[in-house]
Amino acid sequence: MIQTGTAVWFARHESRLAWRDWLAMMTAGKRERRRRLAIGILAFVIVMHVVAWFVVGSFAAAAPDKHMLVGITATLLLSWLLMVSQAMESMTRAFYARSDLDLILASPVAADKIFAVRISTVALSVATLALPLAAPFIDMLVVRGGVRWLGAYGVILAMGAAATALAVALTVGLFRAIGAKRTRLVAQVVAAVIGAAFVIGLQVAAILSYGTLSRTSILQSDAVLALSPDAGSVLWWPARAVLGDGTALVAVLALSFILLAAAVAIVAPRLGDYAIAASGIGRSPASRARRALAFRAASPRQALRRKEWLLLRRDPWLVSQTLMQMLYLVPPAVLLWRSFEAGGGALNLLVPVLVMAAGQLAGGLAWLTISGEDAPDLVATAPMPPRLVLRAKIEAVLAIIAVVFAPLVAVLAVASPWHALVTCAGIVIAAASATAIQLWFRTQAKRSQFRRRQVSSRVATFAEAFSSIGWAATAAIAAVSLWLAIAPAVMALIVLGGARYLSPRERYA
Amino acid sequence: MFQPLPPDIAQPQFALEIRGLVKRFERPAVDGLDLAVRTGELYALLGPNGAGKTTTLRMIAGLMRPDSGSIQVVGIDALADPVAAKRVTAWISDEPMIYDKLTPEEYLEFVAGLWGVEPALAQARAQELLAWLGLAPHARERCETFSKGMRQKVALAGALVHEPRLIILDEPLTGLDAGSARQVKSVLRERARAGGTVIMTTHILEVAERMADRIGVIAHGKLVAEGTLEELRRQAGNHASNNLGDGASLEDTFLALVAEPAEAA
């Protein structure tokens, strides 16, 4: 029997909640889906191991030269930044998602224990989240290259601990620097930017140097190898640990867990105060408009569009999500600029990236406007037919897509009118398709549930992704040959048809 | 506060007429309900949990389609022409339907836009309503910081900004403090005095007793009694097993009316 109120007791409580939360997320709370989930996971594990078998072939027995150290270190750094991003998200949630904090803070138990457990849980969860993708490759490296590769599992644990330590420091630093209210938004944006920055930075550098979107080209360049420290440098310890260097593995693990322990020891006793500060933001004086609002004439459709744009502009979640989407447009924009200078054929790469980004952005926006309606009854009782409500919401989404992508297409038109035309058509079709899918699978949800929108319908999520990919492929091929583009276009249409067929039937609004 | 409704608008005797309304889920939620609410009346619908009150109101508001029956809102067939019916109706649920990221002013501008109210008129009404409900000092603050009572008052202002002929409220006083509840009750009474019609559900029997012109008691999806408090007492007293005196409270009367036959015996 575990004594109540201890860290172990809290850990059991937290792990039970985390398990049920994960299960509910994966099965949408339906017990009958558990069997399918288990089969799906098994299939995923098998497929990933088969893929990994072929991918790791030449690396498994390779000597730990500088090329390899650079490659592994870059991969670890990329993964670690994503872990930091994930850990920051989790820490922000710990402060602001107050489902049980009131209960805990009001209880006579020392709050630092629960916060210490929660920080450790975050570390464990970010490491665990990396496993589904990393484990198959590590397993195949072990099978083909020997047990020395098992050190990679230790490095993942160390990365999770270090990423959480940094995320805790960053989040608490933000709390102190800019206060509880702004931290919520800034932490989300920082997390998004951290997650994307490394990939994008490498891509931009690669484009500027080599005119390609490949991330590996710059990592394997002579310039990078020449600038890299000697093979004995501390910088390569994580990579060496992955490659089976026991001393490096112990050092990396020790350093990471010391960092995590320090973060827990320093921050956990004060997290209660931060949580209380975060809870107080709801009661702090609200931001006020400077002058009285002059009511403007508007048809019901205009009123709905304006409302959607205003809410989207004021939605911190969307700001960070949109920022992510926009950040990924930076490399193609640089590529466009380079191609414009050189007149090269790299424009063909640009077309699918823009079309894909438009589809994904439209999907997110469409969910927010169509399903994420915080006052569904109000809109449903307005004196306008339901189809006009939906039309206004779709117009709001497509107008944003137009504003975001029109400048890029306009610049593209100067470089190549044909590519601009194909891109424009692709953007319109991809955005319309993603919006249509969200329309067919619309549900009633709070905007705050945006993060979990994928859970409501896996069919919709996959259909949206495959539709965007299909239209991106269609546009990419159409830029070269219209006839060949028919095949991916037909596939995208099949995806759409399947989604329509599987979507819930008409409902009364 | 409220101007009487313009005389040029036709005022039918009944602002709401329901005939044979049926809605089934796994079991009948509303089972052949007949109900008529007079124009200018404040009508309270009482009933135990699961009696079909909210389902009935949602069908009147156009949020749910009945399986059968008819609904007339100020003479408009709400099932045949829902848009026309919605134009003269306002719906307020117990959970205020507002947007956290909008200010009350912006919210009222949005609602006025949805109902196509002329901007100058809407602005004047909005200012009056915000002042009347004590929200003027917060008119330019985002609603995310508001308490439940303030949010309910914003929703109420939104419901009134387009001057509806029929206001439908589902448990409007749930979770409100005494001051907010009094303000809401006062607004509803004023609205009824100005010629508007109010139909509301409530669990607070005292509210129904003090505010309502007439009370309808619904059980198992059917109207089991209707009238003023006195009339309800008489109807309850007519049940052979009940022994209600003249001074019986609404609570006693209500419990007698909705009691299962065996329970009443």
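Just name the residue that is nearest to B:Leu166 (Cα to Cα) out of those in segment B:74-93 that are free of Cβ contacts under 8 Å to residues at least 24 places away in the same chain and either in a helix (DSSP H, G or I) or in contact with a Pro (Cβ under 8 Å, 6 or more places away or on another chain) (or both). If we take residues in segment B:74-93 being free of Cβ contacts under 8 Å to residues at least 24 places away in the same chain and either in a helix (DSSP H, G or I) or in contact with a Pro (Cβ under 8 Å, 6 or more places away or on another chain) (or both), then B:Ala85 is nearest to B:Leu166 (Cα to Cα).
Scoring A:Asp230 on the criteria (1) modelled with pLDDT of 75 or more; (2) part of a helix (DSSP H, G or I) leaves a single failure, condition (2). Residue check: is B:His162 within 12 Å of chain A (Cβ to nearest Cβ) and either more than 24 Å from B:Arg87 (Cα to Cα) or surrounded by 21 or more Cβ atoms within 10 Å (Cβ to Cβ) (or both)? Judged against the criteria, B:His162 is a match.
Of the residues making up segment B:99-114, those that are surrounded by 24 or more Cβ atoms within 10 Å (Cβ to Cβ) and either of a type in the set (Phe, Trp, Tyr) or under 20 Å from B:Thr201 (Cα atoms) (or both) number 2. All told, A:Leu350 meets the bar of being crowded, with 24+ Cβ neighbours inside 10 Å, modelled with pLDDT under 85, away from chain B (no Cβ under 14 Å) and farther than 17 Å from A:Arg301 by Cβ. Cβ separations smaller than 9 Å between residues 6+ apart or across chains give the following pairs from segment A:38-54 residues that are in a helix (DSSP H, G or I) to residues that are small (Gly, Ala, Ser): A:Val45/A:Ala135; A:Met48/A:Ala135; A:His49/A:Ala135; A:Ala52/A:Ala135.
Is segment B:136-154 home to any residue that is at the interface with chain A (Cβ under 9 Å from one of its Cβ atoms), crowded, with 24+ Cβ neighbours inside 10 Å and within 12 Å of B:Ile98 (Cα to Cα)? Checking segment B:136-154: not a single residue is at the interface with chain A (Cβ under 9 Å from one of its Cβ atoms), crowded, with 24+ Cβ neighbours inside 10 Å and within 12 Å of B:Ile98 (Cα to Cα). Residues considered: B:Ala85, B:Ala78, B:Ala112. Of these, the only one that is at the interface with chain A (Cβ under 7 Å from one of its Cβ atoms) and within 21 Å of the chain's Cα centre (by Cα) is B:Ala112. Among all positions in segment A:443-458, there is at least one residue which is out of contact with any helix residue (DSSP H, G or I) (no Cβ under 7 Å at 6 or more places or on another chain), within 14 Å of another protein chain (Cβ to nearest Cβ) and part of a helix (DSSP H, G or I). Residue check: B:Phe110 meets all listed conditions (1) out of contact with any Lys or Arg (no Cβ under 6 Å at 6 or more places or on another chain); (2) modelled with pLDDT of 90 or more; (3) not in a loop (DSSP other than H, G, I, E, B) but one, namely (1).
The values are calculated or read from the model by the stated rules, or taken from the named source; none is laboratory data. Please read all numbers here as calculations on a predicted model, not as lab measurements. So basically every Cβ, Gly included, is an ideal-geometry build from the backbone, and we count neighbours across all protein chains shown.
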